[in-house]
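The values are calculated or read from the model by the stated rules, or taken from the named source; none is laboratory data. Worth saying up front: this structure is predicted, and the values here are computed from it rather than measured. No Cβ is skipped: glycine too gets one built from the backbone with ideal geometry, and neighbour counts run over all protein chains shown.
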Amino acid sequence: MKRFFVFCIMLCILATTFCVNLGAFSFADTSLDISSKSAILMDFSSGTILYEKDAEKHLPIASMVKMMTILLTFDEIDNGNLTEETMITTSENASGMGGSQVFIDPYVEYSAGDLIKSVIIASANDASVALAEHISGSEEAFVVKMNEKAKLLGMDNTNYTNCTGLPSPEQYSCAKDCAIVLKEVAGHDIYHKYSTIWMDELTHPSGRKTELVNTNRLIRYYEGCDGGKTGSTNEAGCCLSATAKRNNMRLISVIVGAQNSQTRFNECSKLFNYGFANFENKSIINSQTPIFDLPVNKGKQENISIYASEDYNYITKKGDKSEFDITYENPQKINAPTKTGDVIGKVIISKEGNLIKEINLIVKDNIEKMSLKDCFDKVVENW
């Protein structure tokens, strides 16, 4: 019995130690007074979670579903299959969606840009379905793509059954997954072209006009907020995912299941306030600044500048003075020829003995190999 008692004490000590060590790698705070069912605050650059409350709980998210609809539409643009000028013929099914809508007419053409604008600003169900039908042929086929994309992004607590967020028993997501998809959407310049508009209008092919008012009040009333998506149904309550940027730090805040509309805006703002007041983004690697130069072996140019392939910012609590260890794995010389984007090594970033990030080292210049004539000319020049 005595041995068993000692064994239990040892297990408790190990468990406590594990929890303490685990906490060292997370800033997640649980002390904020958030009344909504679920919430999360995430750093845009690194994906670091700064606050969470039941962030992986399966819940209906209403029209926040449309963020995935927009993301897949942006994928089509990135892949060259769609432009904002592409004309899309609407169906009777799309025009009859109901709920939040911009009252599109059936069997007429709208530009993809106008439909995207209608979804981002006014949360239009009819415009969402029109985009889905154009991209995949039907909303059902589009939903398959939505779920495939969710799995690809690691959204393991999400299942889509429509592209609008209209109530459906088998459709669910979570605050964390909503933050992931907004992080992807907010990385597109085209998104901010529309997400920052407070009021606009949609001109229909017939000349009729529909006024558009942004459902996300924070873009007008919260400093730095430049995007987001609201959602509201009886099942989901009031929901909001939003992004805000101040100085060099962008945050993503998600509220799911607030009691009323004002609460979602208040609590989303509270999360932003907490993040901007307590954290800062440190620039560790700048991809636009050369890290060092290397000699080029048998090249028409003697030296070449080496760059990191991407920026790296690290979010940390304000006042944190701990330093990063940065080492490089690279050759002493570069062999010609070189072309833009060639990987020649990597940057290794560590903190307190823990690997934080690895980034490729690349060249940005095309350098040709010296010809026999070039070699002869160089010998003559040196002589």
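General remarks:
- Within region 285-311, restricting attention to residues that are in a strand (DSSP E or B) and under 15 Å from Gly341 (Cα atoms), the residue that is nearest to the chain's Cα centre (by Cα) is Ala308.
- Scanning region 44-97 for residues that are on the phi > 0 side of the Ramachandran plot and touching a residue at least 40 places away in the same chain (Cβ under 8 Å) returns Gly47, Asp54, Ala62.
- Matching entry among Glu211, Glu201 (being without any contact (Cβ under 8 Å) to a residue 12 or more places away in the chain, assigned by TED's automatic domain parsing to the domain that holds Leu82, out of contact with any Pro (no Cβ under 8 Å at 6 or more places or on another chain) and assigned to a strand (DSSP E or B)): Glu201
- Any chance Lys176 is of a type in the set (Lys, Arg) and surrounded by fewer than 22 Cβ atoms within 10 Å (Cβ to Cβ): no
- Some residue of region 125-138 being touching a residue at least 12 places away in the same chain (Cβ under 8 Å) and in contact with a Gly (Cβ under 7 Å, 6 or more places away or on another chain): yes
- From Ser111, Ser123, Ser168, residue being in the same structural domain as Ser45 (by TED's automatic domain parsing) and over 16 Å from Ile61 (Cα atoms): Ser111
- Selection of region 118-138 for residues being closer than 16 Å to Ile88 by Cα, buried (at least 24 other Cβ atoms within 10 Å of the Cβ) and of a type outside the set (A, V, I, L, M, F, W, C) yields Ser118, Asn125, Asp126, Ser128.
- Selection count where residues are in a loop (DSSP other than H, G, I, E, B) and without any contact (Cβ under 8 Å) to a residue 40 or more places away in the chain, scope region 312-327: 5
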